[in-house]
Amino acid sequence: MNIALFNTAFSAGAILIPANKVDETPCTATPEATAFAAVMADNGYGLDQKLFRALCHLEAADIAAINEAVEEKLQLKLNWMPLIKGWTTPTGATFFDALVAMFANVLPPLRDVEGVTLPCGHFIPKGTFPLERYNGCPLCGTPFDTSAETFHGQGSNLKPLTLWTETDLRAYELSLLQSRVPLDATQTVALRTLIAEYGVPAEVDIPMRETAIIAFLALAESGDYDRAATFIKTPVDLLRALWSEKTGLTRIVTPAKFIARQGRTVGYAWQADYRERVQEKENATAAELKLKYPRAMCRFAATLFENMPGSPEGICELMHPQRGMWVRFIRALRLSEYARRHDHPRLREILDRFYRTDYPVWAGEVETAMLGGETERALALLKQRPGTFARMLVAAMLHLGQEPVLAAFADVAERLPMRLLVTLDMYIAYCLDQQTERSVRIAGGGTHVLTPSAALQAKTPAETAAMTDAVKKICADAIRRQFAGDRATAGTVYISPELFNIPVPIGERAVSAADDGYVTQGTSFDISGDNVRLFLHWGEGLPAQHIDMDLSAIIVYDDHRTECAYYNLNPTGAIHSGDIQQIPDMVGAAEYIELDIPALAHDGARYVIFNVSAYTSGGIHPTVRVGWMDSKYPMKVSNETGVAYDPSTVQFSARVAGLDSHDQLVFGILDISRRSIAWLEMADNGQIARNIDINKVKALMDKLSQRMSIGQLLLLRAEGLGQRRIDSPAEGAEVFRATPADIAHVAGFLG
């Protein structure tokens with residue numbers, strides 16, 4: 001069994017069975033299939049009829065192999081033992097106990113007192129920590145034992161699973177390649193897995209640059225440069241692809257910024273050797289970014305430039321924003337050498353003009369016109385590029401005036417792709433809010449907060465409200481007109497209520513891969529019970545060593561905040577399972593936090609922010625997995641081991657990767673009054689929960705609250721098509737449910 005393909009299908013809500021073993025004809029339920037269905041129900045999954053029938057025709061060995069793969073996927077064989085046994089009951093240990101134990105270890109005379117020396121070498125005086133409650137050392141967080149124990153069957157909801165074959169996987173790959181919105185981490189991981197197995201389908205159209213880069217790199221690695229060339233349309237595409245190969249990012253981050261980010265994760269500034277370690281990390285990163293390409297890639301790049309569509313001036317203009325990086329790439333790709341050859345005259349002209357800066361820059365002309373108050377010229381230039389006009393709309397209105405700018409924008413709005421119209425409709429009120437600090441996510445991760453500009457502050461509330469309403473009307477009208485050009489498949493439409501909690505898949509792309517299918521950042525999950533259990537697991541597949549990841553919860557009140565973290569294990573309404581600092585061999589380590597929603601509400605708490613921090617230098621470790629559990633039934637904690645993991649209660653979990661240049665990740669926020677959790681992904685630096693800026697989280701939540709839901713987009717579509725919405729699915733109606741397939745289908749509307 002191909003585990004990578006199995007995991008890809010499972011994450012999309014399916015069990016992969018080879019086509020030559022699939023038989024869906026009715027049959028008598030077999031003991032093996034029935035037992036497997038019962039096991040999956042205990043793990044929180046339900047099998048549809050199509051899948052169950054196929055399982056009934058399989059041999060016992062095949063079902064056993066599937067069960068083995070499911071156990072690996074759900075991490076049922078890993079260590080889920082925390083530091084404290086029965087940790088929902090406080091141990092009674094205090095800061096004074098830790099202080100006494102620390103002095104007993106650093107001052108030898110105190111070793112005369114009665115106590116216990118642990119396997120890690122630390123001495124614990126009698127009367128301090130109740131060692132019978134610990135699975136490891138309470139001082140250094142070293143676990144002395146592991147456990148593969150997990151709970152099952154406590155969940156109150158079943159996630160549906162269906163049958164997939166290789167044909168379905170290939171169709172899934174094609175849908176990802178043809179997506180008209182950028183892919184997030186979950187989809188990117190799936191696409192790379194599928195390309196590695198099946199390659200890139202012939203003559204596929206890839207509308208998104210970021211997705212085309214994935215296909216390009218796969219083909220270039222296999223040496224198929226002819227097909228790889230079909231995915232490079234501009235110099236920007238080539239630069240993105242080559243730089244992505246070095247950094248893993250599909251967006252361009254300059255070397256200086258990328259190196260500086262890597263240097264921030266080596267520890268605390270007050271440590272004696274901090275500056276030396278920063279310099280060492282930056283030097284190592286710079287060495288990794290050194291450009292060197294084989295002759296085959298150099299010839300490929302030179303041929304691309306020679307045959308690239310557009311004028312030499314236009315190509316140089318596209319290269320201009322990253323001029324410094326292009327100088328390095330031109331040298332590394334030996335383009336100057338190829339330009340001297342007689343068969344590359346166009347490349348010679350491009351490089352000649354690029355080095356002499358003998359080309360106009362459209363963005364510079366627009367900026368000159370706007371700063372000079374040349375309204376007509378600026379608007380004429382902006383109308384030449386509607387996409388850029390949409391991105392500069394707020395600045396244009398503030399500098400050139402509302403009426404002429406909106407009149408010009410209305411003329412080109414229908415030429416915009418729908419994803420830009422939807423994005424503008426979602427965020428225009430947020431961008432024009434004079435009281436809100438805006439959350440901006442920079443390329444490669446990290447979040448910045450921007451205060452309203454002076455030009456915006458100079459406007460009256462009535463003026464900003466009028467601008468907002470006018471822009472939203474232009475966008476909504478253009479969206480309806482674009483949908484009206486489609487053909488209705490039915491006169492009625494059913495839209496699942498869950499789709500009104502799922503934002504459209506635009507913007508705020510995640511770099512963490514969700515375990516159970518594609519979920520957009522900002523998606524809300526309703527809470528069924530009175531308790532939410534956060535979990536963190538890290539270190540899978542690694543030898544025993546010091547890797548200290550910390551789970552924490554920031555409890556926010558109207559006038560203050562507190563944290564549930566390794567330094568404050570049981571504040572009101574929350575309790576922590578203990579701080580593990582050393583991972584055991586190969587099976588990883590786990591931490592939990594239990595939140596008591598009624599207790600938090602009684603105490604006046606408003607929100608709880610979920611966070612994971614890297615205390616060890618090096619940033620968030622790529623083996624980190626975070627999430628939360630919820631059930632309307634009580635969830636158990638083992639008094640013997642402290643294990644509290646039950647896959648059937650997991651509401652959301654994600655594998656965190658690509659954040660090695662950040663020390664912190666806010667991955668969720670619980671709204672106590674609404675009893676709902678929104679999945680977030682706000683990377684930052686700081687290492688401990690106290691360093692989290694609540695204003696940054698608030699700014700991000702304000703931004704996400706402005707996002708249009710998939711349900712709202714489908715309502716606009718229904719208006720454009722003249723469809724009538726109905727309250728339940730019916731024969732002959734167009735039906736949209738909250739399945740990965742339907743969400744991907746809606747994403748296709750956004751092109």
Inset, instruction - Please identify the pairs in which a residue from segment 113-141 that is free of Cβ contacts under 8 Å to residues at least 12 places away in the same chain has its Cβ atom under 6 Å from the Cβ atom of a residue that is open to solvent by less than 50 Å² (accessible area, probe 1.4 Å) and assigned to a loop (DSSP other than H, G, I, E, B), counting only partners at least 6 apart or on another chain. - result: none
Legend entry - Filtered residue count, segment 242-252, keeping only those that are under 20 Å from residue 657 (Cβ atoms) and either part of a helix (DSSP H, G or I) or modelled with pLDDT of 90 or more (or both): 5
Inset, instruction - Identify all residues within segment 217-233 that are in a helix (DSSP H, G or I) and either open to solvent by 10 Å² or more (accessible area, probe 1.4 Å) or touching a His at 6+ places or on another chain (Cβ under 7 Å) (or both); write none if there are none. - result: 217, 218, 219, 220, 221, 225, 226, 227, 229
Legend entry - Residue check for residue 633: aromatic (Phe, Trp, Tyr) and open to solvent by less than 40 Å² (accessible area, probe 1.4 Å): no
Inset, instruction - Pick out the one residue from 201, 207, 182 that is under 17 Å from the mean Cα position of the chain (by Cα) and over 18 Å from residue 739 (Cα atoms). - result: 182
Inset, instruction - Determine, yes or no, whether residue 127 is in a loop (DSSP other than H, G, I, E, B), closer than 30 Å to residue 97 by Cβ and open to solvent by 50 Å² or more (accessible area, probe 1.4 Å). - result: yes
Inset, instruction - Would you mention how many residues in segment 485-543 are under 18 Å from residue 623 (Cβ atoms), open to solvent by less than 50 Å² (accessible area, probe 1.4 Å) and modelled with pLDDT under 90? - result: 5
Inset, instruction - Show the residue pairs that are 6+ apart or on different chains and have beta-carbon atoms under 9 Å apart, the first residue being within segment 345-363 and at positive phi, the second being in a helix (DSSP H, G or I) and open to solvent by 30 Å² or more (accessible area, probe 1.4 Å). - result: 357/320; 357/323
Inset, instruction - Please verify whether segment 599-613 includes one or more residues that are buried (at least 21 other Cβ atoms within 10 Å of the Cβ) and part of a loop (DSSP other than H, G, I, E, B). - result: yes
Legend entry - All positions within segment 341-359 that are open to solvent by less than 70 Å² (accessible area, probe 1.4 Å) and either among the β-branched types (Val, Ile, Thr) or under 38 Å from the mean Cα position of the chain (by Cα) (or both): 350, 354
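Per-residue answers, yes or no, for (1) open to solvent by 20 Å² or more (accessible area, probe 1.4 Å); (2) among the aliphatic types (A, V, I, L, M); (3) assigned to a loop (DSSP other than H, G, I, E, B):
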| position | (1), (2), (3) |
| --- | --- |
| 63 | no, yes, no |
| 66 | no, yes, no |
| 69 | no, yes, no |
| 77 | yes, no, yes |
| 86 | no, no, yes |
| 91 | yes, no, yes |
| 101 | no, yes, no |
| 116 | yes, yes, no |
Legend entry - Hits in segment 180-216 (condition: over 20 Å from residue 2 (Cβ atoms), open to solvent by 40 Å² or more (accessible area, probe 1.4 Å) and among the aliphatic types (A, V, I, L, M)): 202
Legend entry - Evaluation of residue 623 against (1) closer than 16 Å to residue 146 by Cβ; (2) modelled with pLDDT of 95 or more; (3) open to solvent by 10 Å² or more (accessible area, probe 1.4 Å) (one fails), failing number: (2)
Inset, instruction - Test residue 690 against the stated conditions and say whether it is in contact (Cβ under 8 Å) with a residue 40 or more places away in the chain, surrounded by fewer than 17 Cβ atoms within 10 Å (Cβ to Cβ) and under 30 Å from residue 615 (Cβ atoms). - result: yes
Legend entry - One residue from 236, 266 being of a type in the set (Val, Ile, Thr), closer than 29 Å to residue 178 by Cα and either buried (at least 17 other Cβ atoms within 10 Å of the Cβ) or touching a residue at least 12 places away in the same chain (Cβ under 8 Å) (or both): 236
Inset, instruction - Looking at (1) assigned to a helix (DSSP H, G or I); (2) touching a residue at least 60 places away in the same chain (Cβ under 8 Å), find the lone condition where residue 35 falls short. - result: (2)
Legend entry - Test: residue 246 is among the basic types (Lys, Arg), in contact (Cβ under 8 Å) with a residue 12 or more places away in the chain and surrounded by 18 or more Cβ atoms within 10 Å (Cβ to Cβ): no
Legend entry - Among the residues listed as 393, 379, the single one being in contact (Cβ under 8 Å) with a residue 60 or more places away in the chain and surrounded by 16 or more Cβ atoms within 10 Å (Cβ to Cβ): 393
Legend entry - Of all residues making up segment 325-340, the number that are outside any helix (DSSP H, G or I), within 16 Å of residue 296 (Cα to Cα) and open to solvent by 20 Å² or more (accessible area, probe 1.4 Å): 1
Inset, instruction - Pull up segment 139-167, narrow it to residues that are open to solvent by 60 Å² or more (accessible area, probe 1.4 Å) and in contact with a Gly (Cβ under 7 Å, 6 or more places away or on another chain), then point me to the one that is farthest from residue 37 (Cα to Cα). - result: 144
Legend entry - Residue match in segment 522-544 (condition: in a loop (DSSP other than H, G, I, E, B), within 30 Å of residue 14 (Cβ to Cβ) and under 21 Å from the mean Cα position of the chain (by Cα)): yes
Legend entry - Search result, residues across segment 396-415 that are open to solvent by 50 Å² or more (accessible area, probe 1.4 Å), under 35 Å from the mean Cα position of the chain (by Cα) and without any contact (Cβ under 8 Å) to a residue 40 or more places away in the chain: 415
Inset, instruction - Give segment 151-209 a look and list any residue that's in contact (Cβ under 8 Å) with a residue 40 or more places away in the chain, of a type in the set (D, E, K, R) and outside any helix (DSSP H, G or I), or say none. - result: 159, 180, 184
Inset, instruction - Tell me which residues, restricted to segment 647-673, are in contact with a Phe, Trp or Tyr (Cβ under 9 Å, 6 or more places away or on another chain), crowded, with 23+ Cβ neighbours inside 10 Å and assigned to a loop (DSSP other than H, G, I, E, B). - result: 661, 663
Legend entry - Scan of segment 43-61 for residues that are assigned to a helix (DSSP H, G or I) and crowded, with 16+ Cβ neighbours inside 10 Å, ordered by number: 51, 52, 53, 54, 55, 56
Inset, instruction - Pick out the one residue from 524, 552 that is among the hydroxyl-bearing types (Ser, Thr, Tyr), closer than 18 Å to residue 687 by Cβ and touching a helix residue (DSSP H, G or I) at 6+ places or on another chain (Cβ under 6 Å). - result: 552
Inset, instruction - Could you list, in sequence order, all residues of segment 185-198 that are among the charged types (D, E, K, R), over 19 Å from the mean Cα position of the chain (by Cα) and within 26 Å of residue 235 (Cβ to Cβ)? - result: none
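The values are calculated or read from the model by the stated rules, or taken from the named source; none is laboratory data. All of these numbers come straight from a predicted model, not from anything done at the bench. Ideal geometry is used to build each Cβ from the backbone, glycine not excepted, and the neighbour counts take in all protein chains shown. With ligands, DNA and RNA removed, areas are computed over all heavy atoms of the protein, side chains included. Shrake-Rupley method; radii C 1.70, N 1.55, O 1.52, S 1.80 Å.
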